[in-house]
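In what follows, a single structure is set out as structure tokens and then discussed.
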Amino acid sequence: MPRDIDNNEALLSEALEDDEALYRVIQMTMMGKRVGFDARSRQRQIRAHMRLNYIFSMAEKIRKMNVEALTEDILTHLDSAEEHLAEIFGMADWMNVMHKNRVIADTHETSRKGLVKELGEAQYEAIAHLPLEEIPEDLHERIQGVLGYETQNRVYRDLLLGTFTEQWVEYLTEMEALRVSIRMESYAQQDPLVQYKLKASGMYSELMGTVRQIVVSRMFRFRPNLASTQDGGTQTASGNDSESGGKRKKKRRRRR
């Protein structure tokens, strides 16, 4: 760490006035590099490792804050992050349509309905089949805003459905195991039916809490395949490849 600090004196001076530079300094102090050797190849490697974390420091700071004010700050921050993500999705969708030489009429159905509502039917029909370069510049921001908002909603919906499907399968597996093992409660002088209801209720509450936690966590980290979002989904290309590969027929050898 002293070596990194000595090599970044200019950044330290800049961090006194610039928040972005301060964030880079914090990252520099948290992460370090260590020389090691691969166990198999015996080759020299440089690995990143965590030197410091600020969990305890942040916990002490949060402990002294008012709960309602802290909650309001967190919600405000998340709302701002959501708005920025919608802007990014909108610009990415705009560039995707432009690079594929498509028009606004080729976008997703929900995006088209949103544009009709935002621009009006007459104005939408006037630009729907125009190349993006010919659309008036004063409409670019409004169109990108609608594209980003609708894409973000589709991403959130797919995240919720996908997460709930994953967790629901695990929940059913655990319920089946509980159904089989609940008979053992009678040996402990407990009513198996009552215990089954109590544990099943707790497992369902745990399921809903897990789904909420996973969805909120993925909302701000998920990066969809934007090349397919305007075609009606967020599947990646690798998923299509695996599907096509599964349809290949294997040749059977004939026995002589």
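Every number in this text was worked out from the coordinates using simple rules, so none of it is lab data. Quantities reported herein were computed from a predicted structural model and do not represent experimental measurements. Don't worry about glycine lacking a Cβ; one is built from the backbone with ideal geometry, like all the others, and counts go over all protein chains shown.
One table, with the values for the structure above:
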{"quantity": "Estimated dipole of the stretch 46-202 in Debye, rounded to 20 [Cβ of Lys and Arg +1, of Asp and Glu -1, Cα centre]", "calculated": "960 debye"}
{"quantity": "Estimated inter-spin distance, residue 122 and residue 82, nm [label 7 Å along Cα→Cβ]", "calculated": "3.5 nm"}
{"quantity": "Positive dipole terminus of the chain, leading residue within 92, 75, 222 (C-beta point charges)", "calculated": "222"}
{"quantity": "Most mobile listed residue (56, 222, 164) in the chain, GNM with C-alpha springs under 10 Å", "calculated": "56"}
{"quantity": "Net dipole in debye of the stretch 2-63 [+1 Lys, Arg Cβ; -1 Asp, Glu Cβ; about Cα centre; nearest 20]", "calculated": "780 debye"}
{"quantity": "Cα-projected label distance for residue 59 with residue 156, points at 7 Å along beta-carbon direction, nm", "calculated": "3.2 nm"}
{"quantity": "Rounded if a/c under 1.5, otherwise prolate or oblate - the stretch 2-63, Cα gyration tensor axes", "calculated": "oblate"}
{"quantity": "Neighbourhood charge, 13 Å Cβ-Cβ cut-off, centred on residue 184 and excluding it, Lys, Arg +1 and Asp, Glu -1", "calculated": "+1"}
{"quantity": "Positive-pole candidate from 41, 7, 22, dipole of the stretch 2-63, charges at beta carbon", "calculated": "41"}
{"quantity": "Computed lengthening from residue 212 to residue 23, 0.36 nm per intervening residue step minus Cα-Cα distance", "calculated": "65.1 nm"}
{"quantity": "Ellipticity estimate at 222 nm from DSSP helix runs (n ≥ 4, -39,500 (n - 2.57)) divided over the chain, nearest 500", "calculated": "-21500 deg cm²/dmol"}
{"quantity": "Computed log₁₀ I(q)/I(0) - Debye formula, equal Cα scatterers, no solvent, the chain, q 0.07, 0.10 Å⁻¹", "calculated": "-0.51, -0.95"}
{"quantity": "Segment residue 95-residue 201, length gained on full extension (0.36 nm per residue, minus Cα span)", "calculated": "33.3 nm"}
{"quantity": "Linear extension gain, residue 173 paired with residue 68, 0.36 nm per residue minus alpha-carbon span", "calculated": "33.9 nm"}
{"quantity": "Residue order, fewest to most beta carbons within 10 Å, for 110, 151", "calculated": "110, 151"}
{"quantity": "Cα-based Kirkwood hydrodynamic radius, the stretch 124-191, one decimal, Å", "calculated": "17.0 Å"}
{"quantity": "Shape box of the stretch 38-108 [Cα atoms, principal axes, largest first, Å]", "calculated": "55, 53, 13"}
{"quantity": "Rel. contact order, % - alpha carbon contacts under 8 angstrom, at least six apart, the stretch 79-235", "calculated": "32 percent"}
{"quantity": "Of the trypsin sites (Lys or Arg not before Pro) in the stretch 1-109, those whose Cβ has at most 12 other Cβ within 10 Å and which sit in DSSP loop", "calculated": "40, 42, 64, 100"}
